[in-house]
Amino acid sequence: MQTIRLDQIGDLFLLFAQVFARECDRLNALDSQVGDGDHGFTMRRAFEAVKETAGMTFPDIGTGFDLSAEALAENAGGAIGPLLAALFAEGGLVFAGKIEIGTREIAEFFNEGLQAVQEVGGAKPGDKTMVDALTPAAHALQQAEASSLEDALTQASKAAVAGAEATREMEAAHGRARFTAAHGKGYQDAGAVSMALIVQTWLDFVQGKRPAGEVAQSEAAPFSPPAGRFINHPDTMVEQDNQGLALAYPSLVRLHPEGVLLRATPKEQGKVALVIGHGGGHTPSMGGLIGPGLLDGDVYGPLFTCASGVRIAKTIELANGGGGVVLLVSNHSGDVLNARLAVRRAKKLGIDVHPVILGDDIATAPRSDYLNRRGLGGLLFALKIGGGAAEEGKPLEEVAELMEAVNQRTATLSVAGRAPHHPVTGQLLFELPEGQIEIGAGVHGEVGVYRGEHMPADQIVDLIVEQLVEDLAEFESDKMLAFINGSGGTSRMELHILYRRLVETLEARGITLYAGVVESIFTTFEMGGFSISLCAADEEMLAYWQVPASAANFRWPYS
């Protein structure tokens, strides 16, 4: 086959869906070496959404790729969603008006797609990402532009597979892997493997492979919850979590028909709104922080996967009250990439939106590079203080600048003592030998800065506080805000024991604890552990901290 016709594009999309359904477990296993083991689920979900476009009638091939890009952006989420959407959207441009495409058009598609992916994601060859498979494939196609389509795609597929294989010895510069020991060397990048599969699927299609008969997923793979999990189905668990939250706290939060959580009673018109988008699986998370003095809108993505930029933009639109919107962005790759798409889309709608990237995990970058820190529980301080300022009527730029200043003065360090089980597979989310702790671990068990034998609670707190206070020393503050966040499986009794020692340790250093919070807000199912966050707040920040706030899982003042 030397060309692909318009009437064949639907079969190509179906074949993508079947390939990633088949490869789901393998991609999950690759991803589990550095993260939460869900890359396969994400890719399967992404191309299941593309499959829905397969039965449509397109006027040209470009329209089909445009619709597939929208499906990817809307349904994939995470870091991979906007990147895949950027790639397929280039097909909408390159294939516009065409009812047949050959080597030259497909080579142009991959080369333009490479540029789009790099522009959105910021990755370059050698960063251990999908770009390491996409780059050699695009170059191979360009060099083989005069060859038959089959020969050109054969060379591209070989190059993509080799590029994915080469990621084993690369150090990751993007994604969760960049926070791991030795930056994740020794394993293949799951995104690069997925890109190699995309190129191989193009080749298989040109060689005559067609999708097998469709079988309903519910018939092919009935779901039974793992022991001890009270869920109905993986596809509905996050949606039903949101529904239950809105039903339980109707005076504070409501669930919009488009799946967005909003304040039950909006703040006054003309005031700044605060919005965030993130992944499911960390309940109560941000949904528990919607209400007066806090968030105005929130949208969940699938399990452990950030909401798409399309859905975040819709949340911005719904929460906007005419005063502009601050978009909070926890500094994780998927959150940042989808935030970029959301801001672009919201601005096209005429909404004044200011993104604020929040990162506080001292285990992931030194103080001199604090803007590259991973986002953890310390974002509560920026949210609470920024929310108070917005409630009091401060303008958009001032609210955003205040939140950025709070983030600069915030430091967090976490401890994991027991791994949780994945709620769908029932498998451990990460490996942690019994009797050991990981200091600096991420919310999905990403490797920290210390693994060793468990210690008494007081010793752990002393060790963490020493690191946090040293990190914040330049601010010379004798007043601190503190937050102990339980990871989901740490009892309230244990959290109180930890907080007691935190107060003692700070007082011994001559630091006044201005206000403290002890809650399990940002969780990972039954993960055993906690994090301590400190904020060296100035007087303006402390004043806005005192503005009353009320949400399902947080209120201020406590009494």
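Looking across Arg344, Arg367, one residue alone is surrounded by fewer than 24 Cβ atoms within 10 Å (Cβ to Cβ), of a type in the set (Lys, Arg) and within 29 Å of Ala543 (Cα to Cα). It is Arg367. Here's a check for you: in segment 375-408, which residue that is surrounded by fewer than 24 Cβ atoms within 10 Å (Cβ to Cβ) and more than 19 Å from Gly270 (Cα to Cα) is farthest from the chain's Cα centre (by Cα)? Among residues in segment 375-408 that are surrounded by fewer than 24 Cβ atoms within 10 Å (Cβ to Cβ) and more than 19 Å from Gly270 (Cα to Cα), the one farthest from the chain's Cα centre (by Cα) is Ala405. Scanning segment 45-64 for residues that are aromatic (Phe, Trp, Tyr) and closer than 14 Å to Arg5 by Cβ yields one hit, Phe58. The criterion of being surrounded by fewer than 17 Cβ atoms within 10 Å (Cβ to Cβ) and not basic (Lys, Arg) does not hold for Ile460.
The set of residues in segment 320-335 that are open to solvent by 20 Å² or more (accessible area, probe 1.4 Å) and modelled with pLDDT under 95 comprises His332, Ser333, Asp335. If only residues of segment 234-243 that are open to solvent by 60 Å² or more (accessible area, probe 1.4 Å) and of a type outside the set (Asp, Glu) are counted, the one that is nearest to Pro423 (Cα to Cα) is Gln240. Restricted to strands (runs of 3 or more DSSP E) entirely inside segment 426-532, those with at least 1 residues that are of a type outside the set (A, V, I, L, M) and modelled with pLDDT of 95 or more are 479-486, 512-519. Given the condition over 16 Å from the mean Cα position of the chain (by Cα), closer than 21 Å to Gly529 by Cβ and assigned to a loop (DSSP other than H, G, I, E, B), answer yes or no: does some residue in segment 329-342 qualify? Within segment 329-342, none of the residues are over 16 Å from the mean Cα position of the chain (by Cα), closer than 21 Å to Gly529 by Cβ and assigned to a loop (DSSP other than H, G, I, E, B).
State whether one or more residues within segment 250-266 are touching a residue at least 60 places away in the same chain (Cβ under 8 Å), over 30 Å from Leu371 (Cβ atoms) and open to solvent by less than 10 Å² (accessible area, probe 1.4 Å).
Scanning segment 250-266 turns up at least one residue that is touching a residue at least 60 places away in the same chain (Cβ under 8 Å), over 30 Å from Leu371 (Cβ atoms) and open to solvent by less than 10 Å² (accessible area, probe 1.4 Å).
Across segment 161-179, the qualifying residues are those that are over 16 Å from Lys124 (Cα atoms) and crowded, with 22+ Cβ neighbours inside 10 Å, and the one among them that is modelled with the lowest pLDDT is Phe179. The set of residues from segment 500-532 being touching a helix residue (DSSP H, G or I) at 6+ places or on another chain (Cβ under 7 Å) and under 30 Å from Glu434 (Cβ atoms) comprises Arg501, Leu502, Thr505, Val518, Ile521, Phe522, Phe530, Ile532.
Just give me the residues in segment 493-545 being open to solvent by 10 Å² or more (accessible area, probe 1.4 Å), within 17 Å of Met403 (Cβ to Cβ) and more than 29 Å from the chain's Cα centre (by Cα), in sequence order. Of everything in segment 493-545, those that are open to solvent by 10 Å² or more (accessible area, probe 1.4 Å), within 17 Å of Met403 (Cβ to Cβ) and more than 29 Å from the chain's Cα centre (by Cα) turn out to be Asp538, Glu539, Glu540, Ala543.
Criterion first (open to solvent by 20 Å² or more (accessible area, probe 1.4 Å), among the basic types (Lys, Arg), under 23 Å from Leu498 (Cβ atoms) and modelled with pLDDT of 95 or more) does Arg418 satisfy it? For Arg418, the condition - open to solvent by 20 Å² or more (accessible area, probe 1.4 Å), among the basic types (Lys, Arg), under 23 Å from Leu498 (Cβ atoms) and modelled with pLDDT of 95 or more - is not met.
Give segment 56-80 a look and list any residue that's of a type in the set (Ser, Thr, Tyr) and within 19 Å of Ser194 (Cβ to Cβ), or say none.
Ser68, the sole residue that qualifies.
Looking only at segment 104-129, residues that are on the phi > 0 side of the Ramachandran plot and either among the basic types (Lys, Arg) or at pLDDT 95 or above (or both) come to 1 in all.
Consider segment 306-324 and keep the residues that are in contact (Cβ under 8 Å) with a residue 60 or more places away in the chain and not in a helix (DSSP H, G or I). The one that is nearest to Gly445 (Cα to Cα) is Cys306.
Could you please let me know if Glu145 is modelled with pLDDT under 95 and more than 22 Å from Asp189 (Cβ to Cβ)? Step through it out loud before you land on a result.
Working: modelled with pLDDT under 95: yes; more than 22 Å from Asp189 (Cβ to Cβ): yes.
Answer is yes for this residue.
Select from segment 445-457 the residues that are open to solvent by 10 Å² or more (accessible area, probe 1.4 Å) and touching a residue at least 24 places away in the same chain (Cβ under 8 Å) and list them in ascending order. Hits for segment 445-457 are Gly445, Val447, Gly448, Val449, His454, Ala457.
The values are calculated or read from the model by the stated rules, or taken from the named source; none is laboratory data. Remember, it's a predicted structure, so these values are computed and weren't measured experimentally. Using ideal geometry, Cβ is built from the backbone for each residue, glycine included, and neighbour counts are taken over all protein chains shown. Protein only, heavy atoms only, side chains kept; ligands, DNA and RNA dropped before computing areas. Shrake-Rupley method; radii C 1.70, N 1.55, O 1.52, S 1.80 Å.
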